[in-house]
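Each remark here refers to the structure printed beneath this line.
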Amino acid sequence: MASMFKNQTPQQLSLIAAFTSATTITLVVFALGLAGLFTLSWQGLAVLFLVIMGTDFLANFFFVRYYIFRKIKLIYKVIHRHKLSPDFKADKIQMDHHILDDVEREVDQWAEQHDRELEALEKLATYRRRFIGDVSHELKTPIFNIQGFIHTLLDGAIHDPAVNTQYLQRAAKNADRLEAIVDDLETINKLESGQMVLDLRDFDIRDLTDEVFSDLEMKAKARNIRLTYKEGANQHFHVRADKEGIRQVLINLIQNSIKYGREGGVTKVSLYDMETYILLEVSDNGIGVQPEHLPHVFDRFFRADKSRSREAGGTGLGLSIVKHIIEAHKQTINVRSTPGQGSTFGLTLEKA
C-alpha cells in the first residue's frame with residue numbers, strides 16, 4: 001500500500017485523495033438513504049459524487065502544490081549556492097511529474113558532493129599544516145646557523161683572524177641554502193599554477209644524459225660512484241620535450257642517486273623504446289627506501305635519510321620538482337625500491 005502511494009505524482013495523489021473522499025461521502029449519504037434518514041436519487045448520488053470529487057481534487061491539488069512549493073523552496077535554499085529565480089513560484093511546479101523524487105535525488109547528490117568537498121578541504125588543511133611545518137623546519141636551520149655565526153662575529157670573533165673568515169664562509173653557505181629553498185619553492189609554485197610555459201623541441205635524450213654525467217662527474221668521484229648506462233639500453237633516442245626542464249629532471253635524479261647511493265657503487269641510466277614513448281630509468285645500488293615511505297618520495301621536503309641529506313646539502317624539493325616537470329609534460333614517473341639494494345626512478349617521454 002505504501003509503495004503504491006510512493007510512486008505517484010502529486011497530481012495522482014490529489015486525484016486519489018479526492019476519489020477517496022467523494023466515495024466515502026457518497027457511501028455515507030447512500031447509507032443514510034437506506035436508513036430512511038435521507039432520500040437521494042441515483043442521478044443525485046452521481047452528481048454529488050462528481051461535485052465532491054471535483055471540489056476536493058481542486059482543493060487538494062492547490063494545497064499540495066503550495067505545500068510542496070514551500071518545502072522545495074526551503075530545501076533549495078539550503079542545497080543551491082545560487083539565488084532562486086524570481087520565476088520559481090508555486091504555479092510553476094509540474095504536478096504531473098515525480099517532483100519529490102527529483103528533489104530527493106538532488107538532495108542526495110548535494111549530500112555526496114558536500115561530503116566530497118569536506119573531505120577535500122580536510123586533506124588540503126592537513127597538507128597545508130604539514131607544508132607550513134616543513135617549510136618552517138627547513139628555513140629554521142640555516143637561519144639559526146646564520147644568526148649564530150653573525151652574533152659570534154659581532155661579539156668579538158670578527159677580530160680573530162683564525163675564525164672570522166671561516167664563520168663568514170659558513171654564514172654565506174647557509175644563506176645560499178636559504179636562497180636555494182626559496183628558488184625551488186618558486187619553481188614548484190610556477191609549475192603548479194601553470195605559469196611555466198614548456199619550450200617543446202626535439203632532442204637526443206642520450207646526448208643530454210651525457211652532458212649531465214659530465215656536469216656531475218666530480219660529485220660522483222667524491223663518493224667513488226660510477227655513472228654509466230645499462231648494457232643494451234644505451235641507444236640514442238629523440239624525444240619531444242622541454243630540454244632544460246628534462247635537464248633539471250636528470251640532474252635531480254642522478255644527484256639523488258649519488259647522494260643516497262652506496263659509496264663505491266654505480267648509477268645506471270637505461271633507455272627503452274616503447275613505440276610512442278621512451279622509458280628512461282635511473283637506478284642506484286644504495287640504501288633504498290622503506291616500503292611505508294615510497295608513497296611520499298615525491299612529497300615536498302621528504303628525505304629517506306635525513307642525516308645524510310643534511311650532510312650532502314639540497315633543499316628536499318628536488319623530487320617534487322621532478323614530478324611536477326614530468327606531469328607538466330603529461331607523462332608519468334614512478335619509483336621502485338628495496339631497502340639495502342637501491343632505487344629505480346622511471347619516467348616516460350614523448351618520442352619525437
In the neighbourhood of residue 111 defined by beta carbon distances under 12 Å, the net charge of the other residues (Lys, Arg +1; Asp, Glu -1) is -4
Neighbour-count ranking for 343, 21 (other C-beta within 10 angstrom, fewest to most) reads 21, 343
In nanometres, the difference between 0.36 nm per residue of separation and the alpha-carbon distance of residue 235 and residue 155 is 22.8 nm
Quick calc: nm separation of the 7 Å Cα→Cβ label points for residue 25 and residue 226 -> 10.3
Sparse-neighbourhood loop hits (GluC sites (Glu not before Pro), segment 212-253; DSSP loop; Cβ within 10 Å at most 10 others) -> 231
Assertion target for 184, 207, ordered by fewest C-beta neighbours within 10 angstrom first, is 207, 184
With no solvent term and unit scatterers on the alpha-carbon positions of segment 134-193, Debye gives log₁₀ I(q)/I(0) at q = 0.21, 0.24, 0.29, 0.30 Å⁻¹ of -0.78, -0.90, -1.10, -1.13
Flagged as over-length at 23 Å C-alpha distance, from 221/323; 190/243; 173/259; 190/330, the pairs are 221/323
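Throughout, read-outs are computed from the coordinates displayed, never taken from laboratory work. Note that the structure is a prediction, hence the values are computed from the model and not measured. Backbone-built Cβ (ideal geometry, glycine too); neighbour counts: all protein chains shown.
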